[in-house]
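Input: a single structure, listed below in structure tokens.
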Amino acid sequence: MRMTAIISEYNPFHNGHLYQAKIARQETGADLIVAIMSGTFTQRGEPAFTDKWSRAQAAVASGEIDLVLELPFYYAVQRADRFALGGVTIAETIGAHTLSFGSECGEVTPFITAASENHEANPRYQELLQQGLAQGLSSATAASQAFQAMTTTLDLTTPNNTLGYYYARAASSIALHTTKRIGSGYHDLSVGDVMSATAIRAYYTKHQSLIGLPEATAETLQDAVFASFDTYYPFIRHRLLTTSLADLTQFNGMDASLAPRLVDGARQHDSFEGFMSCVKTRRYTRTSLQRTLIYLLTSTMKREIDGLPFDQIDYVRPLAFNEIGRTALRQIKQRVPIISTFEKHPWLIKESQVTAAYAVPLALYQQLEEHRRFAYFSGKVSR
């Protein structure tokens, strides 16, 4: 069975995702499309639009995704290189032949070429990186600028190209495939048939209506509960205002300079946007701050993250699948253990805690039964 993997968030699964999956299936000759999907919090440090089970079911309902595996929290809420390495590791571990990703570039060769150039090992790159950091730039911005100064191979100022580059850096045994992103860009809020996930979420917030989604996906999500940072800010604020500075610095992403800044912001602002406007700087970007706040919300400590093997995985966990996906799981379990229900794996214990951090502010108390949850089986292939 020829398997193509897509590392995803599906936040939510929209028409652009449907297009990518269709093209990936056609151009890679895949018998199966497996999505390796973030759970309850995303790479940019945001609460997922709705819970992982609903998003996984919605992806399979589209007819183009056959199997959804969970990208563990430790991989999912990370900077781009670690996010990519974790996802690629899972794709290679399960025996996927090809990794497909969307990009602004639309051609796979520039990614492979840029990855082979290995600019990060060049002393000049390190010099430019340090210059950017000394100017107060975030690590991501400084790295992007240093990279652009050394090559014209690939534009890393765009989010999908950046992830694609790190996928290429991480890949060892898997072939790469990319489709050119169609419709709106990541931050584009324009309305149309193919919208960004950001635009879909913004439209829902304003109009309480889902647009830009495949019909079957929209039907699956019609009764879902949708999240935003506004719901979580009171819980984050409480944690900031009731925890000592010494203890705050033990959370991942928190340093001695940032902790008092966040506490001061929490004292002054009762809205999340007001708080973020107060605390963000060129050094502390919105994305990096959001990830730190999610670590705070989920009680994720530095000691948990330090030394994590981002290039190793000893289990996979299915969230949803159809009949083809079920057949693939039989193949996958010959390579790596499949955990369908909660077991005493330390990462799954963490997933239970993370789910609680996501569910309680939304009053989704039934989701606290994470350890009893089975993957969704559609029982059919709709395409």
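The values are calculated or read from the model by the stated rules, or taken from the named source; none is laboratory data. Please read these numbers as outputs of a predicted model, since none were measured by experiment. As a convention, Cβ positions derive from the backbone with ideal geometry for all residues, glycine included, and neighbour counts pool all protein chains shown. SASA here: full protein model, heavy atoms, side chains in, ligands and nucleic acids out. Shrake-Rupley method; radii C 1.70, N 1.55, O 1.52, S 1.80 Å.
Descriptive notes on the structure:
- Packing around the peptides 351-358, 238-245, 275-282, taken as the average count of other Cβ atoms within 10 Å per residue, puts them in this order, highest first: 351-358, 275-282, 238-245.
- Evaluated at q = 0.08, 0.13 Å⁻¹, a Debye calculation over the C-alpha positions of the chain (equal weights, vacuum) places log10 I(q)/I(0) at -0.40, -1.13.
- Residues of type aspartates and glutamates that Lys350 reaches as a straight line, Cα spacing below 18 Å, ignoring anything fewer than 8 places off in the same chain: Glu46, Asp51, Glu70, Glu304, Asp306, Asp314, Glu369, Glu370
- Max-minus-min Cα coordinates of the range 44-186 on each principal axis give 48, 31, 31 Å, with the largest extent listed first.
- As a size descriptor, the averaged projected area of the C-alpha convex hull of the range 110-172 was calculated at 3.9 nm².
- Shape descriptor for the range 9-113: Rg over Rh equals 0.94 (Cα atoms; Rh from the Kirkwood inverse mean 1/r).
- Convex hull of Cα atoms in the range 217-274, direction-averaged projection (nm²): 5.5
- Taking only the Cα atoms of the range 208-364, the radius of gyration and Dmax are 19.3, 55 Å.
- Simple point charges give the picture: +1 on the Cβ of Lys and Arg, -1 on the Cβ of Asp and Glu, and for the range 56-125 a dipole about the Cα centre of about 240 debye.
- Across Ser62, Ser299, Ser172, mean-square fluctuation computed from a Gaussian network of the chain (C-alpha pairs under 10 Å connected) peaks at Ser172.
- In percent, rounded to a whole number, the relative contact order of the chain is 24, using alpha-carbon pairs under 8 Å and six or more apart.
- Net length gained if the chain between Lys344 and Gln208 were fully extended (0.36 nm per residue, minus Cα distance): 45.0 nm
- Rg/Rg_ref, the range 148-269, where Rg_ref = 2.2 N^0.38 Å and atoms are Cα: 1.49
- Signed unit charges on C-beta, dipole axis of the chain, positive-most listed residue Val60, Asn118, Ile90: Ile90
- Asp81 exposes around 50 Å² of accessible area when a 1.4 Å probe is run over every protein chain in place.
- Residues whose amide H lies under 5 Å from that of Gly102, counting only those 5 or more places away or on a different chain, are Thr179; hydrogens are built 1.01 Å from N in the peptide plane.
- With the convex hull of the Cα atoms taken as the outline of the range 53-136, the averaged projected area works out to 8.4 nm².
- Charged side chains reduced to their Cβ positions (Lys and Arg at +1, Asp and Glu at -1) give the chain a dipole of some 340 debye around its Cα centre.
- Signed unit charges on C-beta, dipole axis of the chain, positive-most listed residue Thr300, Val381, Tyr75: Thr300
- Residues Val191 and Gln353, FRET efficiency given R0 of 41 Å [Cβ-Cβ distance, rounded to 0.05]: 0.65
- Shape call, the range 288-383: gyration tensor on alpha carbons, a/c limit 1.5: oblate
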